[in-house]
């Protein structure tokens, strides 16, 4: 079973969202569901800051080219 969410937005925002969804070949509902899922999967600021702190710790030490490449690959998973 699916749930319904109603959000009230200005006519201008509604028009702009509808144009973007249409340009991607999506319905407005589908576009908004995708945007909500993306927002849930994106790390919040504190999680992103923690990841950056880990990267800074590694980079502050001398790292080989292979280690730097591994860090880049790991970052692309998020």
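Brief remarks on what is shown
- Residue 25 loosely packed, with under 12 Cβ neighbours inside 10 Å, modelled with pLDDT of 90 or more and either within 30 Å of residue 75 (Cα to Cα) or within 21 Å of the chain's Cα centre (by Cα) (or both): yes
- As a summary of the residue check, residue 67 satisfies the conditions (1) loosely packed, with under 12 Cβ neighbours inside 10 Å; (2) at pLDDT below 90 except for the one numbered (1).
- Within the stretch 37-52, considering residues that are surrounded by fewer than 10 Cβ atoms within 10 Å (Cβ to Cβ) and in a helix (DSSP H, G or I), the one farthest from the chain's Cα centre (by Cα): 46
- Residue check for residue 34: in contact (Cβ under 8 Å) with a residue 24 or more places away in the chain and surrounded by 13 or more Cβ atoms within 10 Å (Cβ to Cβ): no
The values are calculated or read from the model by the stated rules, or taken from the named source; none is laboratory data. Source: prediction; values computed, not measured. Ideal geometry is used to build each Cβ from the backbone, glycine not excepted, and the neighbour counts take in all protein chains shown.
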